[in-house]
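K.L.:
For reference, the structure I am asking about is given below.
Derivation of every value follows stated rules applied to the coordinates shown; laboratory data play no part. Since the model is a prediction, treat every value here as computed from it, not as a measurement. When we count neighbours, we look across all protein chains shown, and the Cβ atoms used for this are built from the backbone with ideal geometry, even at glycine.
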Amino acid sequence: MPITEIDQMRESVAAKCREIAAREVAVGGAGNVSVRVGDQVLITRSNLRFEAATAEDVSVVDLDGKLLEGERPSSETGLHVGVYRRSGAEAVVHTHGRSSVAVGLVSDEIPLVHYNLLRLGGRVPTVPYFVFGSKELADATGDAVAAGAAAVLLRNHGSVACGRSLDEAVEHAEMTEWVCDVYLAAKSLGEPSLLTSQDLEEVAGQATRLAYGGH
Ligand code: 13P
């Protein structure tokens, strides 16, 4: 049987899960990953241990979240398809990283502590707590992404990052965790210096002038 694009993408999703597991941001069965292929979404099955992920652990659903192939998809399928329906995202990564959970517990956003936040759409908002797998959580996250956020903190839960490709979504998840690390470290020493929205606009202009693809 020929290897289809879908088979290859399932393997890519599983490989990303194994990579994410090595960074300890998806401990104890936490987290889920998806990628959009046309009007189908490849998404990790529910209760998956990222470190052992294989292509068979990646299910296929439609944009309504209806299962087309594979095992019971992630309990956050509604959140993933909600992001796809509301934005141009092509991949979504949800993890329970230590630093992003910690920042989301005390802060309504990641403030502008570093110019790299431009890649995430600026300040990263925290959405209120709703139980995992709920429509409320899916709607709050989808609305934040529709408003321009490429990453969102979920209070008392984790983070969601999206991108135009699987690689970019993972990169955005890592960036979110890194900037939360920086913010926490600075906060423990004193009050962090913050950039303004104008500073960020200047960075965007500079990136364009110097032809920085990803800023
Ligand atoms: P799933 O195993 O169903 O994807 O749920 C894990 C999780 O992180 C819920 O938010």
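K.L.:
Search the structure for amide H atoms under 5 Å from the amide H of Ala91, placed 1.01 Å from N in the peptide plane, and list their residues when 5 or more places away or on another chain.
P.N.:
Residues meeting the amide H criterion: Arg36, Gly163, Ser165.
K.L.:
Would you calculate, for the chain, the mean residue ellipticity at 222 nm contributed by helices, counting each DSSP H stretch of 4 or more residues as -39,500 (n - 2.57) and dividing by all residues, to the nearest 500?
P.N.:
Using -39500 (n - 2.57) per qualifying helix, the result is -13000 deg cm²/dmol.
K.L.:
How many nm is it between the label spots at Val106 and Asp143, if each spot is 7 Å from the Cα in line with the beta carbon?
P.N.:
It works out to 2.7 nm between the two label points.
K.L.:
Excluding same-chain residues fewer than 8 positions from Lys135, which aspartates and glutamates have a Cα within less than 16 Å of its Cα?
P.N.:
Counting by Cα, and skipping residues close in sequence, Lys135 has these aspartates and glutamates nearby: Asp64, Glu76, Asp143.
K.L.:
Let me ask another. Rounded, prolate or oblate: which fits region 69-215 when a ≥ b ≥ c are the square roots of the eigenvalues of the alpha-carbon gyration tensor, with rounded for a/c under 1.5 and prolate only if a/b beats b/c?
P.N.:
Oblate, because a/c is 1.5 or more while a/b does not exceed b/c.
K.L.:
Right, here's the next one. Sort 118-126, 194-202 for me by packing, meaning the mean count of neighbouring Cβ atoms within 10 Å per residue, highest on top.
P.N.:
Highest to lowest by the protection proxy: 118-126, 194-202.
K.L.:
Under the Karplus relation 6.51 cos²θ - 1.76 cosθ + 1.60, θ = phi - 60°, what is the ordered set of whole-Hz ³J(HN,Hα) values for region 24-39, x standing for Gly and Pro?
P.N.:
Result, rounded to whole Hz: 6, 9, 9, 6, x, x, 7, x, 7, 9, 9, 9, 9, 10, x, 9.
K.L.:
Sticking with the crude label model, points 7 Å out along Cα→Cβ, report the distance from Leu194 to Thr4 in nm, one decimal please.
P.N.:
Each label point is offset 7 Å from its Cα along the Cβ direction, giving 4.9 nm.
K.L.:
Shifting gears a bit: Would you kindly derive the ³J(HN,Hα) couplings of region 165-179 from the backbone phi angles with the Karplus curve 6.51 cos²θ - 1.76 cosθ + 1.60 (θ = phi - 60°), listing them in order in whole Hz, with x for Gly and Pro?
P.N.:
7, 4, 4, 5, 5, 5, 4, 5, 5, 5, 4, 4, 5, 5, 5
K.L.:
Cα axis of helix 77-86 to longest principal axis of the chain: angle in degrees, 0 to 90, nearest 10?
P.N.:
60 degrees
K.L.:
7 Å from Cα along Cα→Cβ at both Arg98 and Asp181: what's the point-to-point distance in nm?
P.N.:
1.0 nm
K.L.:
How large is ³J(HN,Hα) for each residue in region 115-125, as worked out from phi by the Karplus curve 6.51 cos²θ - 1.76 cosθ + 1.60 (θ = phi - 60°), to whole Hz, x for Gly and Pro?
P.N.:
These are the phi-based 3J(HN,Hα) values: 5, 4, 4, 4, 5, 9, x, x, 4, 9, x Hz.
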